Amino acid sequence: MKKKNNEKMVVAFTGGGTGGHIYPGLAVVDALKSQKDCTVYWLGSSSGMDRKLVEKSGSCDKFIGIPSGKLRRYFSLKNFSDVFKIGAGCIKAFFVLLKLKPDFLFSKGGFVSVPPCFAAKILHIPVYTHECDFSPGLATRINTRFASRIFVSYAETAKFFSAEKQKAITVTGNPVRPVFFNANPALGAEFLQLGRNGSDQSTQKPVLLVLGGSGGAKQINNLIWQNIEWLCERFVVVHQTGASQDDDAAKNLQNEKVQALINERKYLPYQFIYAEMPHVVAFSDLIFSRSGANTLWESAITAKPMVLLPLEGSGTRGDQLENAKYFEEQGAALLIRSGADEAAAMKNALEQLASAEKRAEISENVKKLAGGKNPAQFIASTLLEEHKK
């Protein structure tokens, strides 16, 4: 599989299913290309959001779709049909990688990443994988069987692996898009059309950025809309409602009280913010969000204090709660839990962060946790060091 010295490096990336698997991978692609001229292919699901997110980024040279089944931990009839999809994914990944002959394959997880990692192992292509959550997901647990090196965001994640696998672990933090390291609050203010001067009294209040993940979060959205007047008395609320929540958003945004707050520039709802998001995060004073790895580390890079409401229940393996507890233990966030008193818990946490002194205290802890590192650049450098041509 080795190339001649004068041939351009070819690299394959895989991962998908959610933005949480794709955006960190794209950050590594960008870092890799900033250090070396190479051709990068992304193997993702032939259905779903993978192609759209990868192609929109412009980071990769080509997206290649493969069949993708879901690896479920619970009984479902779909487990039987998805076995065939996974098998088809393995076959297509094998022939794609056989043709591309990449120097290595880098996996960011998600169910679609398993067939390419399996095929790469058969073809003797080095496999690297990164786990962004506190505990490894099922796809990562499988992929580490094929990987020569395992990158993780937290040192404590090593305990979930065997003693033999721990020898292959490198702690990096979670890769974040390069633009977050150079985020400009002034550009965030310009996008939001907000200022920090006497002529704009609304922005003398702290700016609260509300996020629910790439698709939005109904639970968080409802908390905001049900308590919107209380919130806008204390903050200017910038709210990304999420594209998947369109019907609920349309209904709630037509509410007379909500419309009045929008007109007064006290409440700024957006369906989705992409290119401007790093600057909006940098401009904001605090963040209320889920605790997916991407949101946590993007906020950490910009040293923002957070109030976290993790996704819990039967539809999740508990990774968001683990992430949130870790940040809470480091003094880098306030954690609230789902339940009958979640509105009161939200108000209590946000009331604390209405204080500039409390925000500054948590911000310092966030900085310590992030450590001033650039995980994507570190991962890219490590990969290139191991594949010098």
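The values are calculated or read from the model by the stated rules, or taken from the named source; none is laboratory data. If you're wondering where the values come from, they're calculated on a predicted model, not measured in any experiment. Note that we place each Cβ from the backbone using ideal geometry, even for glycine, and neighbour counts take in every protein chain shown. For the accessible areas, the whole protein counts, side chains as well, though only heavy atoms, and no ligand, DNA or RNA atoms are used. Shrake-Rupley method; radii C 1.70, N 1.55, O 1.52, S 1.80 Å.
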>> Every residue in the stretch 17-50 that is within 17 Å of residue 379 (Cα to Cα), of a type in the set (D, E, K, R) and in contact with a helix residue (DSSP H, G or I) (Cβ under 9 Å, 6 or more places away or on another chain), please.
In response: 30, 33, 36
> Quick check: is even one residue across the stretch 207-219 in contact with a strand residue (DSSP E or B) (Cβ under 9 Å, 6 or more places away or on another chain), modelled with pLDDT of 90 or more and open to solvent by 50 Å² or more (accessible area, probe 1.4 Å)?
Replying inline: no
> Of all residues in the stretch 222-240, which are open to solvent by less than 10 Å² (accessible area, probe 1.4 Å), touching a residue at least 40 places away in the same chain (Cβ under 8 Å) and not in a helix (DSSP H, G or I)?
Replying inline: 235, 236, 238
> When you scan the stretch 266-278, how many residues do you find that are among the hydroxyl-bearing types (Ser, Thr, Tyr) and open to solvent by 30 Å² or more (accessible area, probe 1.4 Å)?
Replying inline: 2
>> Being surrounded by 16 or more Cβ atoms within 10 Å (Cβ to Cβ) and in contact with a helix residue (DSSP H, G or I) (Cβ under 8 Å, 6 or more places away or on another chain) is the filter here; which residues of the stretch 325-341 pass it?
In response: 326, 327, 332, 333, 334, 335, 336
> Among 305, 310, which is out of contact with any strand residue (DSSP E or B) (no Cβ under 7 Å at 6 or more places or on another chain) and open to solvent by less than 20 Å² (accessible area, probe 1.4 Å)?
Replying inline: 310
> Hey, among the residues in the stretch 49-63 that are open to solvent by 30 Å² or more (accessible area, probe 1.4 Å), over 17 Å from the mean Cα position of the chain (by Cα) and of a type outside the set (Asp, Glu), which one's farthest from residue 272 (Cα to Cα)?
Replying inline: 62
> If residue 86 passes every condition in (1) among the aliphatic types (A, V, I, L, M); (2) farther than 19 Å from residue 17 by Cβ; (3) under 25 Å from the mean Cα position of the chain (by Cα) but one, which one does it miss?
Replying inline: (2)
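So that you can scan it fast, the table gives a plain yes or no per residue for (1) open to solvent by less than 10 Å² (accessible area, probe 1.4 Å); (2) under 28 Å from residue 364 (Cα atoms):
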residue	(1), (2)
252	no, no
264	no, no
280	yes, yes
295	no, yes
298	no, yes
318	no, yes
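Say we look at the stretch 241-271 and pick out the residues that are among the charged types (D, E, K, R) and outside any helix (DSSP H, G or I); which of these is farthest from the chain's Cα centre (by Cα)?
Here the residue is 264.
Table: residues versus (1) closer than 22 Å to residue 27 by Cα; (2) of a type in the set (D, E, K, R).
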position	(1), (2)
293	yes, no
300	yes, no
306	no, no
317	no, yes
331	no, no
344	no, no
350	no, no
> Can you name the condition, by its number, that residue 75 falls short on among (1) open to solvent by 60 Å² or more (accessible area, probe 1.4 Å); (2) modelled with pLDDT of 90 or more; (3) in a loop (DSSP other than H, G, I, E, B)?
Replying inline: (2)
